Amino acid sequence: MPPETASKKALDTRRRVVIENVQPEIDCGRYPAKGVLGDDVMVEADIFADGHDAVSAVLLHRYCGDENARDWVETPFEPLINDRWSASFCADKLGCYEFTVEGWADHFKTWRRDMAKRVDAGQEVAVDLMIGADLLDDTARRAPAKVRRQLKEWAATLRSGESDEKTVKLALADEVAAAVAQYPDRTYATRYGREPSILVDPVKAQFSSWYEMFPRSTAAEPGRHGTFRDCELRLPYIAKMGFDVLYLPPIHPIGHTARKGPNNWPVARDEDYGSPWAIGSELGGHKAIHPELGTIEDFRHLVQAASEYGIDIALDIAFQCSPDHPYVKEHPEWFRKRPDGTIQYAENPPKKYQDIYPFDFESEAREELCRELTSVVLYWADQGVRIFRVDNPHTKSFSFWERLIGDVKAKYPEAIFLSEAFTRPKVMYRLAKLGFTQSYTYFAWRQTKGELTEYFTELSEAPAVDFFRPNLWPNTPDILTEQLQTGGRPAFMARLVLAATLGASYGIYGPPFELMEHVPREVGSEEYLDSEKYEVRHWELESEDSLSNFVARVNQIRRENAALHSIRNLIFHETDNEHIICYSKQTADGSSTVLVVVNLDHQNTQHGWIDLRLRDLGLDPDSPFQVHDLLTGARYAWQGYWNYVELNPRMVPAHIFRVRKRVPSEQGIDQFA
């Protein structure tokens, strides 16, 4: 503000407290931060005032969804260090909470602090007691009758003129301070200028284990198209591996025009099924089901059957059309036309997707288009689906997604949206801010210790951790990395452990993952040879080489160790070998501590020393502790900061240690818990 303008502004020197750097707050409150049901939402802020007066502050929060409970709930802030303060509230409802901060110069707290110093110094405090009495009288005017009488009695005692030990003890009593703190003078309090919000989702929004499966490839015998009934028969297998989300690629009718053949061949044979992402035919569109999978009643039965195993069905939302989709004929205005009058098919040069038409969100009919697409998600939510994996959301309008997700969560606050946007970081972050619950990441392409450490440090710290929930996938139908192509069994095992423990949510595309499918379509490609995207496959699930038991063990470890249910607690530890990465997670109360060590070299045994940040783990450098390998059952006695590890990738390329502290025993024998 220019000086000549500032001089004309009304001056109020009585509002002395400054509140800044409030967290969590996303883009100055434009977007909500994210929490999950049952969270203690921690709010921090810098709160200070001019001069030497003590400061008090409260966190104000309220639930946005209940018009009958719009009053603020107050929680006192506690000081941390360097004028940083913190407070928390429990998010016990799904939906949106808002909060703000209020602080004031606390004259009684200041008086009490200085009074204690004077008493300790042996100074005369008679006048100070009278000042305290005035402050108690002032508080009494704001207090209810019963408390008012007590405050006035205390004030009378302080004003009696006696500065003996009994009177001084009363003046400094915690009981007196607590009573005054209930009715502070906030006439000139500073209220933070914004009311940031927290969007509270189900616990599965933060901690979940996904399994992707093509329903058409679930038949028990080769050569037959799978059905929803076949999917039901696959549920025990998926549940045994410990997954709680089953993600199905598009289940809708597939178009005929420009249908792709095996390995994305541009010309299909009569017997080829095409890509499930080429949605729509004369049999229907986004609200219809491919007839060979079954009926809507069969689908509802699958959703119910999965729920009995603790599994939620996640559906793919791919807002694009085959040229044969009913939308193309009924609403040509929803698509972009080229100068020759034909509709523009999807392209990502040099790739061409002639079997897919993208929607035009700049169309004059965009409002009608957006309403229809929102109705698609609501339709499937009405069928019992609460989790949606969204295909390429970055190629659609940001404002469209913000409204769609808001409309769906208004009716189904438990809905979860996973953003499949492998694009630029700022675009991925924007999608997360505007409402996507979880997001795919660059994890598949982060291979070295340095790459993993840098990337996951970013994702586990503010600001990203407050709005971006990563969901880590070592493979997808589109991603077969070079490591998985060449690294053999150790690569699959190591990448699984990393995905399952670095973040809190992860997924695999199976059965190709547990069966270690690793042959690319051609050298240098990340496409699978004979990909399920273009043809029906048959899988030998009972193969002796399957990793299904290893996957099940890792998922069991995830469930049983609460430290692995979050990414906020991720700490990296130094190692003296670039092929070994080490990190830990611990619950806030210290009841669960997990230490992970992974050999990133899939060919050779690697060994080295890890430098543990023992203080961060609540461990005494002078006391032994035990690390219990939950993958193999082995136990090791460690002590001090530096400890030795050796990992043979041909056996198990990783340790997932549960850290157990030493518990003294009467017999003098070390015990650990």
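Observations
- Viscosity 0.692 mPa s, 37 °C: Kirkwood-radius Stokes-Einstein D of region 320-372 over Cα pairs, µm²/s: 287
- Scanning residues 5 or more positions from Phe417 or on other chains, those with amide H under 5 Å from its amide H are Phe388, Thr437, Gln438, with H placed 1.01 Å from N in the peptide plane.
- The chain, relative contact order in percent, only Cα pairs under 8 angstrom and at least six apart counted: 10
- Distance between modelled label sites at Asp12 and Ala673, nm, 7 Å Cα→Cβ extension: 5.5
- Computed from phi, the 3J(HN,Hα) profile of region 369-374 under the Karplus parametrisation 6.51, -1.76, 1.60 (θ = phi - 60°) reads 4, 5, 5, 5, 5, 4 Hz, with x in place of Gly and Pro.
- In a simple Cβ point-charge model (Lys, Arg +1; Asp, Glu -1; nothing else charged), region 39-82 has a dipole of about 80 debye relative to its Cα centre.
- Dividing the C-alpha radius of gyration of region 93-157 by 2.2 N^0.38 Å, with N its residue count, gives 1.59.
- Modelled label positions at Val376 and His256, each set 7 Å beyond Cα in the direction of Cβ, lie 2.2 nm from each other.
- Applying a 4.7 Å Cβ-Cβ cutoff to the chain leaves Cys28, Cys90, Cys231, Cys321, Cys370, Cys582 as cysteine residues with no disulfide-compatible partner.
- The phi torsions of region 640-649, fed into the Karplus equation with coefficients 6.51, -1.76 and 1.60 and a -60° offset, translate into couplings of x, 6, 9, 9, 9, 9, 8, 10, 9, x Hz, rounded to whole numbers, with Gly and Pro shown as x.
- Where chymotrypsin sites (Phe, Trp or Tyr not before Pro) fall in DSSP loop in region 185-216, at most 15 other Cβ within 10 Å: Tyr188
- Distant-in-sequence amide H partners of Ala49 (H built 1.01 Å from N, under 5 Å): Val18
- Restricting region 348-377 to GluC sites (Glu not before Pro) that sit in a DSSP loop and have at most 16 other Cβ atoms within 10 Å of their own Cβ leaves Glu362, Glu364.
- CD proxy at 222 nm, helix term only [per DSSP H run n ≥ 4: -39500 (n - 2.57); per residue of the chain; nearest 500]: -8000 deg cm²/dmol
- Straight-line cross-link reach from Lys240 at under 28 Å between alpha-carbon atoms covers these lysines, not counting any fewer than eight positions away in the same chain: Lys204, Lys533, Lys585.
- Region 209-339 gives an Rg/Rh value of 1.01, both radii derived from C-alpha positions and Rh following Kirkwood.
- Note that the chain presents 46 Å² accessible area per residue, ligands and nucleic acids not counted, probe 1.4 Å.
- When only the Cβ of Lys, Arg, Asp and Glu is charged (+1, +1, -1, -1), the dipole of region 306-436 relative to its Cα centre reaches about 600 debye.
- Most positive-pole-ward Cα, Leu484, Phe467, Ala499, against dipole of region 461-550 from beta carbon charges: Phe467
- Cα gyration tensor category, rounded, prolate or oblate, for region 373-433 with a/c compared to 1.5: prolate
- Extent along principal axes [Cα atoms of region 148-221; Å; largest to smallest]: 97, 31, 19
- Solvent-accessible area, 1.4 Å probe, carbon plus sulfur percent, for region 319-478: 51
- Shown for region 30-90: the carbon plus sulfur share of the solvent-accessible area, taken with all protein chains present and a 1.4 angstrom probe, equals 48%.
- Each DSSP beta bridge with both residues in the chain is either parallel or antiparallel, and the antiparallel ones are about 70%.
- Expressed as a whole percent, the accessible surface of region 163-203 that belongs to carbon and sulfur atoms is 50, based on a 1.4 Å probe.
- In order along region 406-420, the phi-based Karplus estimate (6.51 cos²θ - 1.76 cosθ + 1.60, θ = phi - 60°) of 3J(HN,Hα) comes to x, 5, 5, 6, 5, 8, 10, x, 7, 5, 10, 10, 9, 8, 9 Hz; Gly and Pro are listed as x.
- Convex hull volume of region 592-673 per residue (C-alpha atoms, cubic angstrom): 93
- Rounded to the nearest 20, the size of the Cβ-charge dipole of the chain about its Cα centre is 1000 debye, with Lys and Arg at +1 and Asp and Glu at -1.
- Measuring r between the beta carbons of Lys426 and Glu20 and using R0 = 25 Å, the FRET efficiency lands at 0.50.
- Mean shadow area of the chain, taken as a quarter of the surface of its Cα convex hull (nm²): 40.8
- For the cross-link pairs Lys34/Lys426; Lys117/Lys152; Lys426/Lys449; Lys260/Lys426, the ones whose C-alpha atoms lie over 21 Å apart are Lys117/Lys152; Lys426/Lys449; Lys260/Lys426.
- For Tyr528, the residues 5 or more places off, or on other chains, whose built amide H falls under 5 Å of its own are Arg521.
- Stretching the chain fully between Glu364 and Arg194 yields a gain of 57.6 nm (0.36 nm per residue, less the alpha carbon separation).
- FRET efficiency estimate (nearest 0.05) - Cβ-Cβ, Leu233 to Asn604, R0 41 angstrom: 0.50
- Temperature 37 °C, viscosity 0.692 mPa s: under these conditions the Stokes-Einstein estimate for region 104-229, based on its Kirkwood radius over C-alpha pairs, is 169 µm² per second.
The values are calculated or read from the model by the stated rules, or taken from the named source; none is laboratory data. This is a predicted model, so every value here is computed, not measured. Methodologically, a virtual Cβ is constructed for each residue, glycine included, from the backbone with ideal geometry; neighbour enumeration extends over all protein chains shown. Ligands, DNA and RNA are stripped out before the accessible areas are found, and what is left, the full protein with its side chains, is counted by its heavy atoms. Shrake-Rupley method; radii C 1.70, N 1.55, O 1.52, S 1.80 Å.
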